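See below for the structure under consideration.
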Amino acid sequence: MSINDELLALAQQIALKAGELLLDRPASWELTSKSTAIDIATQMDVASEKLIVNAILASRPDDGIIGEEGAARESKSGYTWVIDPVDGTVNYFYGLPGWNISIALKDAQGVVAGVVHAPTIGSTWHATRGGGAFLNSIPIACNEPIELNRALISTGFAYDVADRINQLDLVNTLVPKIRDIRRMGAAATDICCVATGMVDGYIETGLKEWDLAAASLIAKEAGAIVTTHVWRGMELTVAGGAHIHGALMREIPA
């Protein structure tokens, strides 16, 4: 077993344990606000990150860690874990499906392994760099080529309400030209759906490294292009097979 496969196996094991923790929903909620009043974390986000971090350090104490809920540790090994303990917290809080646990591991050249585990929809995606992408251990590939007028596109909206004005420009531009829009509520799940061909493309602003790290590797290993660039002062991420990615890029308003 290669080092990347060993790291992937550890990430999968930890993600499944975090999923078991999160499926045991609390009887009451402790909410904290982050970037805005509607950008929330629950006590379960914190508990999940603690479980993940402790499990990583028990096996690999010299690795670095970047976690959405504040876990931060410098790497002594050359490897750093990038963790979103609950991607799609609003879905989780409301009892909606599709939230996930996203765990990636990167070295100096980029992400080497990634797992996105979405227990409420029975889906666990994984990939290693150069090793292909899989959903529940079955190889996957993005849809390619797809014409813009036949494309099903997923998206999400920023927690900063002011940014939504710009995002609505994107939606208003795209809706007359595509098959339809889907809004699933968890970025890593959205991007993995591109990898699986469950949607054709994805476009959203404001994603962080922990949203992207695992899912982007999975999508790229499934044949998709995933890019992030500055647009109207925000980071805009676009994902899809080469044909639809190019078409979406051409439609982005100035």
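Evaluate region 157-169: report whether one residue or more is surrounded by fewer than 22 Cβ atoms within 10 Å (Cβ to Cβ) and farther than 30 Å from residue 32 by Cβ. There is at least one residue in region 157-169 that is surrounded by fewer than 22 Cβ atoms within 10 Å (Cβ to Cβ) and farther than 30 Å from residue 32 by Cβ.
Every residue, every condition in (1) touching a residue at least 40 places away in the same chain (Cβ under 8 Å); (2) within 17 Å of residue 212 (Cα to Cα); (3) in the same structural domain as residue 205 (by TED's automatic domain parsing), yes or no:
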| residue | (1), (2), (3) |
| --- | --- |
| 123 | yes, no, no |
| 126 | yes, yes, no |
| 129 | yes, yes, no |
| 163 | yes, no, yes |
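Would you call residue 120 polar (S, T, N, Q), surrounded by fewer than 19 Cβ atoms within 10 Å (Cβ to Cβ) and over 18 Å from the mean Cα position of the chain (by Cα)? Taking the combined requirement at face value, the residue does not satisfy it. Applying the condition of being of a type in the set (Lys, Arg) and under 30 Å from residue 65 (Cβ atoms) to region 181-221 and asking which residue is surrounded by the most Cβ atoms within 10 Å (Cβ to Cβ) yields 220.
The residue that is surrounded by the most Cβ atoms within 10 Å (Cβ to Cβ), counting only those in region 142-156 that are in contact with a strand residue (DSSP E or B) (Cβ under 8 Å, 6 or more places away or on another chain) and among the aliphatic types (A, V, I, L, M), is 153.
Can you tell me which of 242, 224 is modelled with pLDDT of 95 or more, of a type in the set (Gly, Ala, Ser) and crowded, with 21+ Cβ neighbours inside 10 Å? Unique residue meeting the criteria: 224. Of the residues making up region 50-99, those that are among the acidic types (Asp, Glu) and within 26 Å of residue 122 (Cβ to Cβ) are 68, 69, 84, 87.
Residue 178 falls short of the stated requirement of being surrounded by fewer than 20 Cβ atoms within 10 Å (Cβ to Cβ), touching a strand residue (DSSP E or B) at 6+ places or on another chain (Cβ under 7 Å) and of a type outside the set (Phe, Trp, Tyr).
The values are calculated or read from the model by the stated rules, or taken from the named source; none is laboratory data. Remember, predicted model here, so these are calculated numbers, not experimental data. FYI the Cβ positions are ideal-geometry reconstructions off the backbone, even for glycines, and counts take in every protein chain you see.
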